[in-house]
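Some notes on the structure that comes next.
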Amino acid sequence: MTIDELTAAIGGTVIRPGDSDWESARRFHSGIGEPSLIIRAASVDDVRGAVRYAAAERLDIMVRSGGHSAWGTVPGGLTIDISALDDVSVSGTRVSIGGGAHWGAVAHTLSEHGLGISSGDTASVGVGGLTLGGGIGWMVRAWGLAADQLVGAQLVTAAGDVIEVTAEAQPDLFWALRGGGGNFGVVTRFDFEAHPLERIVALTVGIDGDARPVLRALRDVMASAPLELTVTYMDVPAMDPNAPAGATITAVWIGDDEDAVRRVLAPLFDVPGVSERESGVQSYPDVLLDAPAFDPEQPMPGFIGGNTLLRELDDDAIGRLVGFREQNPASVVLLRSLGGAYGDVAQDDTPFPARDATWFAMAGAFDIPGMLDDDGRAAALARWDGIEALGAGVYGNFTVSTDASWAQRMYPPATMSRLAAVKREWDPDNLFRRNHNIAPA
Ligand SMILES: Cc1cc2nc3c(=O)[nH]c(=O)nc-3n(C[C@H](O)[C@H](O)[C@H](O)COP(=O)(O)OP(=O)(O)OC[C@H]3O[C@@H](n4cnc5c(N)ncnc54)[C@H](O)[C@@H]3O)c2cc1C
């Protein structure tokens, strides 16, 4: 098929280098891509046409949903932009969401229906990439990962077929979609079981002074906290425009009882330097953050660090995380409570690693030109390696690395073998490889 035939066959747009909208089409939330061709799909049929074209021309496919990952920066291949497939329809607690929708718009619609889905923290992130990789958000202890609420999906396969995936119809594929990333086809519709949700309490605690005793108290509180509560500790320098500078804990509680949150967190306020900064009762869309889009004038610096799923937040882990921040002035440390509904899912029910983790940790030093020399970089990396060694797995969505080794690090061998078998069945030629790639085997 020629490009002109392809253009005539689809309802969306085929965009080539040099076309008037090429520059805007190749720009996405996290960067500027250099694909060979971009198709803006307007329908599921367009996605089928695009996949068949890519297969015939032997082009790797990059599915662009929210465009928050780094995969769009890999040169060459066909980008299928599915962001126009963003319908949200609600029937009771069953919610069907187009594969290209963004969480902010979804949250607005859900809110109108008194519903919520555990998603991520940020409005512009795509439902596609976040859900397929797992999805850790403000409500992870209450309702688990985004992927845990998935009950079905419509998938355009590497063969260009459209299939419905459910636990009953395609058990292995359904298992693989809930944490195995975009390896198995283009999800054009996600079906979720949502939860009744009217209001959310968001309460922020400030920490002045040593965070170690505060984190020890937080760990002890969260060991028996109600599932309604998920907490996030962040320590960021003033340079980060997305978050208040310094060390804070944000508590998100499903419900409208601010005093209930204060009662659960009471032991924290006995620690010197801890004070309530702000609190309010909000709706679901209000708690989602805005993230600035990629600015070529101010590209993000490199990041030396990573993330890890911790079975236990012991004193050693706390000391290393707080120490990481102290020893790297331009760095960020994040801790999110897990357990609860996240841990109620059996390990083999999804490919997502470490269901017995009780905390998710992330730390990284910004590699700002002129700030870190080779020794500084090596020291930051060694400090991070010491933290990751304490963990039970890594979360693939929280990396900007496109290194092929990541998939091997993400999945234990038995999970990887099962994923590889599903991949062999549904994408034997590895057409969908712009992801933490699972080689068909
Ligand atoms: C500012 C920011 C905030 C974030 N916050 C969170 C957070 O709170 N929690 C969290 O868990 N993660 C978070 N992330 C990480 C995020 O989950 C990943 O970057 C995710 O891959 C983004 O999905 P996307 O659809 O926006 O990205 P894209 O780049 O469009 O897609 C990411 C990957 O998924 C594939 N893909 C996307 N949609 C589909 C589909 N419909 N069918 C098949 N394959 C598809 C793509 O091919 C690609 O491999 C955040 C990232 C950023 C940049």
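A short reminder: the numbers here are calculations on the coordinates, not readings from a lab. Please read all numbers here as calculations on a predicted model, not as lab measurements. Note: ideal-geometry Cβ built from the backbone for every residue, glycine included; neighbour counts use all protein chains shown.
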Practice problem: Among Phe294, Ser331, Thr250, flag the residue with its Cα farthest along the positive direction of the charge dipole of region 213-343, charges on Cβ as +1 for Lys/Arg and -1 for Asp/Glu. | Solution: Ser331
Quiz item: How much length, in nm to one decimal, is gained on full extension between Asp4 and Asp316, taken as 0.36 nm per residue of separation minus their Cα-Cα distance?
Solution: 106.2 nm
Quiz prompt | Cα-centred dipole magnitude for region 109-263, charges only on beta-carbon of K, R (+1) and D, E (-1), debye, nearest 20 | solution = 360 debye
Quiz item: Helix 103-112 sits at what angle to the longest principal axis of the chain, using alpha carbons and giving 0 to 90 degrees rounded to 10?
Solution: 80 degrees
Quiz prompt | Long-range HN-HN contacts of Met62 with modeled amide H, under 5 Å | solution = Leu78, Thr79, Ile80
Practice problem: Using only the Cα atoms of region 338-441, build the gyration tensor, take square roots of its eigenvalues as a ≥ b ≥ c, and label the shape rounded, prolate or oblate: rounded if a/c is under 1.5, else prolate if a/b is larger than b/c, else oblate. | Solution: oblate
Quiz prompt | FRET efficiency, Glu276 to Ser24 (Cβ-Cβ, R0 51 Å, nearest 0.05) | solution = 0.70
Quiz item: Relative contact order for the chain using alpha-carbon pairs under 8 Å, separation at least 6, rounded to a whole percent?
Solution: 16 percent
Exercise. Let me have the relative contact order for region 6-109, percent, based on Cα pairs under 8 Å that are six or more residues apart.
Key: 25 percent
Quiz prompt | region 1-32 and region 395-414: distance between their alpha carbon centers, rounded to Å | solution = 30 Å
Quiz prompt | Taking region 309-438 and dividing mean pair separation by its residue count, relative contact order in percent (alpha carbons under 8 Å, at least six apart) | solution = 27 percent
Quiz item: If you take the square roots of the eigenvalues of the alpha-carbon gyration tensor of region 299-362 and sort them as a ≥ b ≥ c, do you get rounded (a/c under 1.5), prolate (a/b over b/c) or oblate?
Solution: oblate
Quiz item: Which one of Arg263, Arg325, Arg277 has the biggest mean-square fluctuation once the chain is modelled by GNM with Cα springs under 10 Å?
Solution: Arg263
Self-check item: Sequence-distant residues sharing a close amide H with Gly305 (under 5 Å, placed H)
Solution: Ala365
Quiz item: For Ala41, what is the net charge nearby, where nearby means another residue's Cβ is under 14 Å from its Cβ and Lys, Arg count +1, Asp, Glu -1?
Solution: 0
Self-check item: the chain - mean residue ellipticity at 222 nm from DSSP helices (-39,500 (n - 2.57) per run, n ≥ 4, rounded to 500)
Solution: -8500 deg cm²/dmol
